[in-house]
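First the structure, in the form of structure tokens, and then the observations on it.
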Amino acid sequence: MSTTPQGSTTTQNETPLTSTTNTVPDQDYLLTDDNTDCRRSEAFDLPKSKKFRSSTSLISNGSETINMSSNGNNANLGEAMEHTNGSMNCNGNSENNNSQATQQTAATSNQMADGLQHQTSTTSSKTPEIDEGLYSRQLYVMGKEAMHQLANAHVLISGMRGLGVEIAKNIILGGAKAVIIHDCDKVDYADLSSQYYFSEKDIGQNRASVANKQLSELNSYVNVSCSSAPLDGTFLQENKINVFVLTDADFAEQVSLGDYCHSNGIKFIVANTKGLFGQIFCDFGKNFNVLDTNGENPLTQIVTEISHDESGAVFMSTDTRHGFEDGSYVTFHGVKGMTEVNDREFKIAVPSPFTFTIGDTRNFGVYESGGTVTEVKKPESVNFRSFSESLQEPEMLICDFSKMSMPVNLHLAFQVLPRYQKQYNSLPKPWNDADAEKFYELAEALNKENRENPLTDELNKHWIKLFAKTCTGDLCPMQAVIGGIAAQEAMKAVTGKFMPIRQFFYFDAIECLPEDVFQSPTEAVTTTENKGSLRFPTKKSRYYSQEIVFGEDFQKALGETKYFVVGSGAIGCEMLKNFAMMGLGCGEGGHIYVTDMDSIEKSNLNRQFLFRSWDIGKMKSQVASEAVKHMNPSMNIRAYVDGVLPETENIYNDHFFERLDGVVNALDNVKARQYVDRRCVYYQKPLVDSGTLGTKASVQVVVPFLTESYSSTNDPPDPSVPMCTLRNFPNLIEHTIEWARDNFAGLFTIPAQQAEEFIRSGKEFAERTSKNHSEYDKNEIIDNVKRILGSERPKAFTDCIKWSRNLFEQQFHNTIAQLLYNFPREHITSKGDRFWSGNKRCPHVLKFDVNNKLHLDFIVAASNLLAHMYHIEGSRDRQAIAQEVAKVHVPEFQPKSGVTIHENDEQLKAENERQKNMNAMRKGVPGASESEADLILARLPNRDDINHIKIRAHEFEKDDDTNFHMDYIAATANLRAENYEIQTADRSKIKRIAGNIIPAIATTTAMVTGLVCLEVYKFIQKHKRIESFRNAFVNLALPFFGFSEPVPPKRQKYLGKDFTLWDRFDVKGDMTLEELIEYFKREHKLVPNMISAGMSVIYSPHFMRKESKAQDMKRKISELFETVTRSKIPAHVCSLTLDMLCDDLEGNDVEDVPYIKYTFR
């Protein structure tokens, strides 16, 4: 791509890259109160949002015009842009900056602030508010400070082919302030294989102009504009560009623009893809501050002792390694006695994995108890060289350790390409051996040019020639990989968040070619004959650039493929887009099936780029299907809204799975992924599973008979918190948050559900309660129902306020007072140790203060939650609630003797076991259940007295800021933290933990789906070698790229025959039991002595009476199955899964054999 318009007489010599003092004025935004589109507000019980419109500002630059409208499309200037967190001023910044940065020491915060100011020169004096409803998942990846910096960034992306649009999409979704998309060329057939916003009707139009409208719809907070003006210093300065991403540019322009950016403090990124090869270069200037080098949350440990000596050894309450590194910094909070260490930074030494030292503590007080120690992250300064300097002495990031010399080979190949074009006046022709040989000769010369020693001694002729043969191709999955990584680098450039690539990154996917082509001639038998059989494109089509790499026959195979995409969230949307561009399922007989049970929410829009604000409330799979159908009208796609579950096997039945060529998982929970994996193993279908966690991503390839399955290995379970710790002895904010979440359910969800169930059917409710619960649980359930439906229930909002005030007293005063009564502050255990030491933090009671904001937050939230349960109108008038709560009289609490408080989980477990045994004894008495149900009914309210009461339970919803759910949990967690002198947390952190939110960002999602689709290419190629496939683990924050061969399945043996999880006995036809036994004797030399289906035994001669055995031997297996399971086989089930224990013909036990797939229909 040229950065100078076609037909323009301007040259680089005529437009020197010099700085200019001219600036473009900021846009004016007109605030309006728009009540014309309130559908979402009404449907989701959200307040009507304030909206703003952008006036049109046309800025002339050279011979071209830049459209600077807020959405880049004059026809849509009236589209509303929702800002839920404050009004916007003319600079797009919030008038009310209420965001609170995480508390840090003064030295560190000043250092980081200086770094941010240095890196983003356009930072406004006012910080824009972040729409947490939209960006909630990304906030947990980037953090608020980085998001604020991103919201002030001006990014230029030049080149709007597939790679450029991918980068632009990711940055716009991320929330930059302004993005200019630039291209001087016109849409061509070659663009259609990866540029999903182009269609055949756009051919001949300017690329940037065509892409602008669709990109502008992605994020209403981002000012997206387009340009085809010449790129020079004037352009960059006038548009206040912070980050310049250059794609598909001439090599000379990369050098000249790179040098200019390096000299003028503009962060510069080069990104290119050529067929199956990709390149990224980063130059963020000198002394670039990386504020967070790894993206991990700071470590926190509980302090149990600090020595009062020269070394200052710190001991922690952990049986595992503490995780702190030698030379890192820490700070302490809440330490008693040695208070001098609190809120100070210490550089630590780590003599062992279980302790560290902070230096001389003899001048401090003596440690008494309590405290936490937290890692302090320090910025790291990194120096970058310019593009031209780096070409000679490249610093390169390795991504595939099985091809260590690939980066340096590609470094040469990308430089040879412009030389070849200049010398031969054309690019190498696809799969032309003569051109590839000439290309290699140039690479050999460049390797030695102006050097005493060659750049590499491992110049690989095969790789260089593959580059030459495929470099004119263009593949959507490659653009997704490189585009996701490059976009994340652009975000690093303006935020200092995460370690940048230093400085070149090269990526290849040559394994996607036929196996006898990508391997070198020494590894594979004659590649020429096979390569010659491929038919390469003879006419233009939307897949032209893909056919250059793989041939027309392969494209036909892609079109005929049937694939199942399970999930259409963030990964699913990206996957469907890639499939549409690849042409997967777009031909005769081909089909894509996609399913998702969820509907679209606002928080999805930040990553799930196929959805728009007007799609909120619609089903994800249906909207996604319609969107990709627009991208490629040839796509044959069907959307389902049913999950892939045991309950839906009538939908996703034998016929459904057997016609598939493969499955890709786009799921967010392990249980669902394991179920899909089991189905793929059963039907022997290839599966690619992928997942993301913030900047981390993984890909696992499951190939029938070649690799292990997804379920073959499991991650270790997350460590659980002891129940007694949560109930009485929390020591971390995570403990108080989990307690608050359970407390919410115990007050506003479970009791209301129990009351609703009792109102519907009192007798059935009593019977279930008597049968399925311990005595303690029964009493609790009965008390819940009586409390919810009793005469003391609230009748007006003032009753709700009174209840909330008493709840505050009970939870944060009385319970703590009772605990301190049982275990006073100076309590000594039977072993002579202090009770309140180590993990146990001694609490204190809270006295209610109506002027304390947190106290009133709790009252407001709890009162409104209770009012909602009883259909009572609530109130948000804090002043009125404060006046009312001040009137409430709360009786003085007196601790009671004889109250049992369990000190540890062993005591709690023993008590539960005692209750369980008592319950079992009662159930053993004949008629006990019936009589107990009657007793329970007698203890509950008379149903005639409560039938008129309306109750509704709260179902926890973290993303609705109007329902008081998170208000209550945040207030409760922090109040309990104050009880135990634990450092409190902001609402954002509490929401992440309470809502179990998985951090997510569009860049990682785009990258990982590209990797998945590269593996799908290999499935269509029908690769047979395990070394052709790649599992992946990536962390864009470090950055780290790890690729490895999949693990082969575990092999077992029976009678000298190997088998794996993929093998089974296939039995067709409904046989009698006798026929089945004879079949295994005859065909497999095995004698079954037990046959079962799940937990039901179909055949076991040792436990069968002679009469019934003789009858059963003549019965069909399907009939026996229905008899033993006492259920009819559903009509959609065509086969049964049977397990077998057996002997060989000599009567010797055969330990392990495959299962039986018994097809009877």
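Length gained on full extension, Tyr683 to Glu792: 33.3 nm, using 0.36 nm per residue less the C-alpha separation. Taking the Cα centre of the stretch 1055-1159 as origin and assigning +1 to Lys and Arg Cβ atoms and -1 to Asp and Glu Cβ atoms, the resulting dipole is close to 520 debye.
In a simple Cβ point-charge model (Lys, Arg +1; Asp, Glu -1; nothing else charged), the stretch 401-443 has a dipole of about 160 debye relative to its Cα centre. May I ask you to derive the FRET efficiency for Glu1083 and Asn996 from their Cβ-Cβ distance with R0 = 51 Å, giving the value to the nearest 0.05? The value I calculate is 0.50. Taking each residue as 0.36 nm, the span from His655 to Arg939 lengthens on full extension beyond its C-alpha to C-alpha distance by 96.8 nm. For Thr648, the solvent-accessible surface computed with a 1.4 Å probe is close to 20 Å², ligands and nucleic acids excluded.
Solvent exposure of the stretch 1055-1159, expressed per residue, is 56 Å² of accessible area, with all protein chains present and a 1.4 angstrom probe. Each label was represented as a point 7 Å from its Cα along the Cα-to-Cβ direction; for Glu368 and Lys448 these points are 7.9 nm apart. For the stretch 1055-1159, the spread of Cα positions along the three principal axes, ordered from largest to smallest, is 38, 34, 23 Å. Looking at the stretch 860-916, the accessible area is 65 square angstrom per residue; that uses a 1.4 Å probe and ignores ligands, DNA and RNA. The relative contact order of the chain, computed from alpha carbon pairs under 8 Å that lie at least 6 residues apart in sequence, is 11 percent.
Under the simplified labelling scheme, the Asp360-Thr456 pair shows an inter-label distance of 5.5 nm, with each label point 7 Å from Cα along Cα→Cβ.
Using heavy atoms of the protein chains and a probe of 1.4 Å, the accessible area assigned to Leu807 is about 20 Å².
The dipole here belongs to the chain: it is taken about the Cα centre, uses +1 on the Cβ of Lys and Arg and -1 on the Cβ of Asp and Glu, and is about 1680 debye.
With bins 20 Å wide beginning at 0, the percent of Cα pairs of the chain falling in each bin runs 10, 33, 36, 19, 2, 0. Ranking Ser568, Ser1096 by solvent-accessible area of protein heavy atoms (1.4 Å probe, all protein chains present), from largest to smallest, gives Ser1096, Ser568. Partners of Lys1116 within straight-line reach, counting lysines whose Cα lies under 21 Å from its Cα and excluding those fewer than 8 residues away in the same chain: Lys1068, Lys1081, Lys1106, Lys1128, Lys1157. Averaging the Cα positions of each part gives two centres, and for the stretch 1045-1121 and the stretch 539-594 these lie 41 Å apart.
Using a cutoff of 8 angstrom between alpha carbon atoms and counting only pairs six or more residues apart, the relative contact order for the stretch 300-376 works out to 43 percent. Scoring 856-865, 313-322 by mean Cβ neighbours within 10 Å over their residues and listing the highest first yields 856-865, 313-322.
Only helices enter the 222 nm calculation for the chain: every DSSP H run of n ≥ 4 contributes -39,500 (n - 2.57), and dividing by all residues gives -11000 deg cm²/dmol, rounded to 500. Residues of the stretch 365-385 falling in the label zone of Glu826, defined by backbone nitrogen less than 19 Å from a point 7 Å along Cα to beta-carbon, are 366-370. Going by a ≥ b ≥ c, the root eigenvalues of the Cα gyration tensor, does the stretch 772-828 fall in the rounded group (a/c under 1.5), the prolate group (a/b larger than b/c) or the oblate group? Verdict is oblate for the stretch 772-828. Arg760 to Arg612: FRET efficiency via 1/(1 + (r/R0)^6), r the Cβ-Cβ distance, R0 25 Å, to the nearest 0.05? Rounded to the nearest 0.05, the efficiency is 0.05. When the GluC sites (Glu not before Pro) in the stretch 269-341 are filtered for DSSP coil states and for at most 12 other beta-carbon atoms within 10 Å of their beta-carbon, the remaining sites are Glu310, Glu325. Relative to one another, the C-alpha centroids of the stretch 877-913 and the stretch 261-325 are positioned 43 Å apart. Label-to-label distance for Lys1022 and Ile203 is 3.2 nm, based on points extended 7 Å past Cα in the beta-carbon direction. When the square roots of the Cα gyration tensor eigenvalues are ordered a ≥ b ≥ c, the ratio a/c for the stretch 300-376 is under 1.5, which makes its shape rounded. If the segment from Glu588 to Ala252 were pulled out straight at 0.36 nm per residue, it would be longer than the present Cα-Cα gap by 116.5 nm. Within a straight-line Cα-Cα reach of under 19 Å, Lys629 can be paired with the following aspartates and glutamates, leaving aside sequence neighbours fewer than 8 residues apart in one chain: Glu166, Asp191, Glu200, Asp202, Glu217, Glu560, Glu574, Glu588, Asp596, Asp615.
Just the accessible area per residue of the stretch 300-376, please: how many Å² with a 1.4 Å probe? I get 47 Å² per residue for this part. Here the accessible area of the chain is 48 percent carbon and sulfur, with a 1.4 angstrom probe and all protein chains present. Solvent exposure of Cys1134, expressed as accessible area, is near 40 Å², computed with a probe of 1.4 Å over the protein chains only. When the Cα positions of Cys680, Ala745, Asn851 are compared along the charge dipole of the chain, Ala745 comes out farthest toward the positive end, with charges on each C-beta of Lys, Arg, Asp and Glu.
The values are calculated or read from the model by the stated rules, or taken from the named source; none is laboratory data. Note that the coordinates shown come from a computational prediction; the quantities given were computed from them, not determined experimentally. Virtual Cβ from ideal backbone geometry, glycine too; neighbours counted across all protein chains shown. Remember, those area values only see protein heavy atoms, side chains included, never the ligands or the DNA or RNA. Shrake-Rupley method; radii C 1.70, N 1.55, O 1.52, S 1.80 Å.
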